[in-house]
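Participant: First, the structure itself, so that you have it in front of you.
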Amino acid sequence: MAKAQKSFVCQNCGNTTTRWAGKCDACGEWNTIIEEAPRENLPKGVSGGKGGRKIEFVDLKGASAPPPRRSTTIAELDRVCGGGLVAGSVILVGGDPGIGKSTLLLQATGLLAANSVCVYVTGEEAVDQVRLRAQRLGLGDAKVALASATNVRDIVASLEAGAAPDVVVIDSIQTMFSDSTDSAPGTVTQVRTCAHELVRVAKKRGFTLFLVGHVTKEGTLAGPRVLEHMVDTVLYFEGERGHQFRILRAVKNRFGATDEIGVFEMTDAGLKEVLNPSALFLAERRGNVSGSCVFAGLEGSRPVLVEIQALVAPTSPGQARRAVVGWDSARLGMIVAVLEARCGLAFGSTDIYLNVAGGLRIQEPAADLAVAAALVSALTGNPVPAGAVVFGEIGLSGEVRAVSQRDLRLKEAAKLGFQQAWIPRPPRTDKAPRASETKSGFAIKDIGHVQDVVSQFTAAKEKRS
Ligand code: TYD
Ligand code: MG
């Protein structure tokens, strides 16, 4: 029989070639081509022929109880995971190097070890290093089974032998290697193969598996998001290295809501939970400064108040800079364009800097109105009234649109001592309180058009002069 032809398949676009290449001719991606097994080499049990077995179909209705959860005792971590860890599930924890992934998972396993069997496999550090860190975190006596290993075959064999553990941490997936493929450790193929083998044993033995993954400089986990579809939950650990705040964000969760966040503070004794993030994000705010506006945002199910800061500085025409930290720069461009086209403001020969204080990254369009208020305040030099929170989405014609969870946002603002809110005018059918109505000293200002915000500042200026 003729030798089966090898085939090489691009993992990005699916193009098949007969020779390996570093770059795919079809889509232009690098390092995405891998060899795929010819037909004859298909593993046993995978049929290449006709005549499959009939599968059983069932009704959607059925008695399936929600999965039991194991609490890590770190409430912020539990919430992001959807209320605790699910047995047999796989959680990928991604983030920049040095952000605190190992610290978080060492703390979690250290605490879980009180009544669960925990395994921590590190491929990055020596056993002594991890021990020292555990001591520093006050977890020196925790009963965590620790190993420094990188060979997935050994790790899988150890996890399959004896009693099944409850929680296993692999730190990190990029350092692991499997001898069932020839590629070098850290390559897409290796990462995928190792993860696949580890996920299989987690499902088989029913333990919760944490995989740590470093984010590549393009911002994706180990190449073209190879792991995200393989796991049940994807958590990103974010934050500015210079700030002590760290945010754990769920971007995918088969067992809970996404966009939940957990807020932590990096201290000398490891990560500490932050139970009231709004108070923390507003702690260093100074009142009565132009260009600063408090946004009542929502992260998952939780309201979070943050300060948005804008700075508008003159520049020579044609050289205007727009720099944004913590928000979408395209969205800033849109808000500036709306303010110019619909309200007649001129930002043309100015540099604009926008910053979300505290290192939080906002993704909601609800921040539009707060950004507009900060910009107009910076441009006119009039501060947003202290004690005011702002939220609302801005459309291209300058109209301000309602956003979700209005009451939850207002409640959080009232709890933190704010006395007024500039928010979208509720739809006519809504029975929510109107501008004239005030509830327990809280004044609500209806904003129908972004011009209403601009006139708050220009009116203040006229009154002053
Ligand atoms: P680490 O968990 O090693 O990051 P990652 O695994 O994501 O690469 O965190 C390392 C950083 O955290 C390091 O810069 C020091 C800091 N750190 C503290 O500030 N306090 C602590 O108690 C610990 C353990 C680490
Ligand atoms: Mg680490």
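The values are calculated or read from the model by the stated rules, or taken from the named source; none is laboratory data. These numbers were taken from a predicted model, which means no experiment stands behind them. Cβ coordinates were reconstructed from backbone atoms using ideal geometry, including for glycine residues, and neighbour counts include every protein chain displayed.
Participant: Which of the helices (runs of 4 or more DSSP H) contained wholly in the stretch 109-221 include at least 1 residues that are surrounded by fewer than 20 Cβ atoms within 10 Å (Cβ to Cβ) and within 13 Å of ligand 1 (Cβ to nearest atom)?
Facilitator: Numbers: elements: 127-136, 152-160, 188-205.
Because the criterion is at least 1 residues that are surrounded by fewer than 20 Cβ atoms within 10 Å (Cβ to Cβ) and within 13 Å of ligand 1 (Cβ to nearest atom), the helices (runs of 4 or more DSSP H) in the stretch 109-221 that meet it are 127-136.
Participant: Could you identify the single residue in Thr181, Thr175, Thr189, Thr193 that is touching a strand residue (DSSP E or B) at 6+ places or on another chain (Cβ under 6 Å) and of a type in the set (S, T, N, Q)?
Facilitator: Matching residue, one of Thr181, Thr175, Thr189, Thr193: Thr189.
Participant: Considering only residues that are of a type in the set (Gly, Ala, Ser), more than 15 Å from ligand 2 (Cβ to nearest atom) and touching a helix residue (DSSP H, G or I) at 6+ places or on another chain (Cβ under 7 Å), which ones fall in the stretch 82-109?
Facilitator: Result: Gly84, Gly88.
Participant: Looking at the stretch 321-335, is at least one residue more than 28 Å from Gly448 (Cβ to Cβ), outside the structural domain of Thr233 (by TED's automatic domain parsing) and in a strand (DSSP E or B)?
Facilitator: Filtering the stretch 321-335 for residues more than 28 Å from Gly448 (Cβ to Cβ) gives 321, 323, 325.
From what's left, outside the structural domain of Thr233 (by TED's automatic domain parsing): 321, 323, 325.
When the remaining residues are screened for being in a strand (DSSP E or B), the result is 323, 325.
Yes: the stretch 321-335 contains one or more residues that are more than 28 Å from Gly448 (Cβ to Cβ), outside the structural domain of Thr233 (by TED's automatic domain parsing) and in a strand (DSSP E or B).
Participant: Scan the stretch 256-297 residue by residue and report those that are surrounded by 21 or more Cβ atoms within 10 Å (Cβ to Cβ) and either free of Cβ contacts under 8 Å to residues at least 12 places away in the same chain or within 20 Å of the chain's Cα centre (by Cα) (or both). Spell out the reasoning first.
Facilitator: As a first pass, look at the stretch 256-297 and keep what is surrounded by 21 or more Cβ atoms within 10 Å (Cβ to Cβ): 260-264, 271, 277-278, 281, 291-297.
If the condition is that a residue be surrounded by 21 or more Cβ atoms within 10 Å (Cβ to Cβ) and either free of Cβ contacts under 8 Å to residues at least 12 places away in the same chain or within 20 Å of the chain's Cα centre (by Cα) (or both), then Glu260, Ile261, Gly262, Val263, Phe264, Leu271, Pro277, Ser278, Phe281, Phe295, Ala296, Gly297 are the ones that fit.
Participant: Sticking with this one: Which members of the stretch 407-422 meet the condition of being touching a Phe, Trp or Tyr at 6+ places or on another chain (Cβ under 8 Å) and without any contact (Cβ under 8 Å) to a residue 40 or more places away in the chain?
Facilitator: Of everything in the stretch 407-422, those that are touching a Phe, Trp or Tyr at 6+ places or on another chain (Cβ under 8 Å) and without any contact (Cβ under 8 Å) to a residue 40 or more places away in the chain turn out to be Ala414, Gln419, Gln420.
Participant: Can you find a residue that is within 21 Å of Gly138 (Cα to Cα), away from ligand 1 (no atom under 13 Å from the Cβ) and not in a helix (DSSP H, G or I) anywhere in the stretch 83-95?
Facilitator: The answer is no; no qualifying residue exists.
Participant: Are any of the residues in the stretch 304-318 of a type in the set (Gly, Ala, Ser), in the same structural domain as Val453 (by TED's automatic domain parsing) and either surrounded by 17 or more Cβ atoms within 10 Å (Cβ to Cβ) or under 24 Å from Gln451 (Cβ atoms) (or both)?
Facilitator: Yes; the residues of the stretch 304-318 include at least one that is of a type in the set (Gly, Ala, Ser), in the same structural domain as Val453 (by TED's automatic domain parsing) and either surrounded by 17 or more Cβ atoms within 10 Å (Cβ to Cβ) or under 24 Å from Gln451 (Cβ atoms) (or both).
Participant: Out of Arg331, Arg254, Arg286, report the one residue that is under 17 Å from Gly358 (Cα atoms) and either modelled with pLDDT under 90 or away from ligand 2 (no atom under 16 Å from the Cβ) (or both).
Facilitator: Arg286
Participant: Do the conditions hold for Thr103, that is, is it modelled with pLDDT of 90 or more, under 27 Å from Ile170 (Cβ atoms) and within 16 Å of ligand 1 (Cβ to nearest atom)?
Facilitator: Values: modelled with pLDDT of 90 or more: yes; under 27 Å from Ile170 (Cβ atoms): yes; within 16 Å of ligand 1 (Cβ to nearest atom): yes.
In short, yes.
Participant: A further question on this structure: Go through the stretch 356-373 and count every residue that is in a helix (DSSP H, G or I) and surrounded by fewer than 22 Cβ atoms within 10 Å (Cβ to Cβ).
Facilitator: So the answer is 3.
Participant: Also, I was wondering about something else. From the list Leu77, Leu112, exactly one residue is more than 22 Å from the chain's Cα centre (by Cα), closer than 24 Å to Tyr236 by Cα and away from ligand 2 (no atom under 16 Å from the Cβ). Which is it?
Facilitator: Details: Leu77 fails: more than 22 Å from the chain's Cα centre (by Cα).
From the options Leu77, Leu112, the qualifying one is Leu112.
Participant: OK, next. Please go through the stretch 108-128 and give me each residue that is β-branched (Val, Ile, Thr) and more than 16 Å from Val93 (Cβ to Cβ), ordered by number.
Facilitator: The initial filter retains those residues of the stretch 108-128 that are β-branched (Val, Ile, Thr), namely 109, 117, 119, 121-122, 127.
Within the stretch 108-128, Val117, Val127 qualify.
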